[in-house]
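The values are calculated or read from the model by the stated rules, or taken from the named source; none is laboratory data. Please read these numbers as outputs of a predicted model, since none were measured by experiment. Note: ideal-geometry Cβ built from the backbone for every residue, glycine included; neighbour counts use all protein chains shown. Areas reflect the complete protein model, heavy atoms only, side chains present, ligands, DNA and RNA absent. Shrake-Rupley method; radii C 1.70, N 1.55, O 1.52, S 1.80 Å.
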Amino acid sequence: MDFKEVVKNRYSCKKYDGKQVDKKIIEEILEAGRLAPTAKNLQEAHVYVLQSAEKLALIDQATPCRYGAPTVLLVAFDKDAAFPYPGGKRTSGIEDATIVATHLCLAAANAGVDNCWLNNFDPDKLHDLLGLPENEEVLMLLDLGYAAPGFEPLPNHFRRKSLAETVDWL
């Protein structure tokens, strides 16, 4: 699919049919995340693939937003391995993991896999529920699956502010 069409048509799926995404397709999506750029090429992001009933139940404890997706990708990053910005106020961890997550999201859409970026959860609670390494911080969850029959993007999906409202040329 043309990249412009991918970014134009990708939407947040809020109801899945429960059909599992083929492992080969998931691996292609994961490969797109692996290729994402990171500061100093540190590659400190880590992706977890959650599919078992046990792990999905833990996701459901942390958020009401799985919407029946059969696969959830969790994107985290190693806080100790991120590039420290000059001045010491922040590191590249959040932005690097966000770039990885965006690659995953768009690669899924390109592969015909519906998805939803989730941030309605307590990252620390989810971290503890899943028993993730102490040095990792949870950034986001990405539901993966196929939309339930008849489900379409929410009405507000195609409303966008104009460039004049969101961009200034300095």
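Before moving on, here are some points about what is shown:
- Calculated diffusion of the stretch 47-117, Stokes-Einstein form, Kirkwood radius summed over Cα pairs, 4 °C and 1.567 mPa s, µm²/s: 93
- For the chain, the mean residue ellipticity at 222 nm estimated from helices alone is -10000 deg cm²/dmol, where every DSSP H run of n ≥ 4 contributes -39500 (n - 2.57) and the total is divided by all residues, rounded to the nearest 500.
- Take the stretch 81-170 with all the other protein chains still there, run a 1.4 Å probe, and you get 61 Å² of accessible area per residue.
- These residues, Ser162, Ser92, go from largest to smallest accessible area, 1.4 Å probe, as Ser162, Ser92.
- Highest GNM mean-square fluctuation among Asn156, Asn110, Asn119, for the chain modelled with Cα contacts below 10 Å: Asn156.
- Linear extension gain, Lys15 paired with Asp2, 0.36 nm per residue minus alpha-carbon span: 2.1 nm
- Choice from Gly18, Gly131, Gly68 showing the highest fluctuation, given a GNM over the chain with Cα pairs closer than 10 Å: Gly131
- Heavy-atom accessible surface of the stretch 60-170: percent carbon and sulfur, 1.4 Å: 53
- Of the residues Trp117, Ala62, Ala81, the one whose Cα sits farthest towards the positive end of the charge dipole of the stretch 20-128 is Ala81 (charges of +1 on Lys and Arg Cβ, -1 on Asp and Glu Cβ, taken about the Cα centre).
- Taking one quarter of the surface of the C-alpha convex hull of the stretch 24-63 gives a mean projected area of 3.9 nm².
- Interatomic Cα distance distribution for the chain, bins of 10 angstrom, percent: 10, 35, 36, 17, 3, 0
- The relative contact order of the chain, computed from alpha carbon pairs under 8 Å that lie at least 6 residues apart in sequence, is 33 percent.
- Assigned charges on the beta-carbon of Lys, Arg, Asp, Glu; the stretch 1-77 dipole about Cα centre (debye): 200
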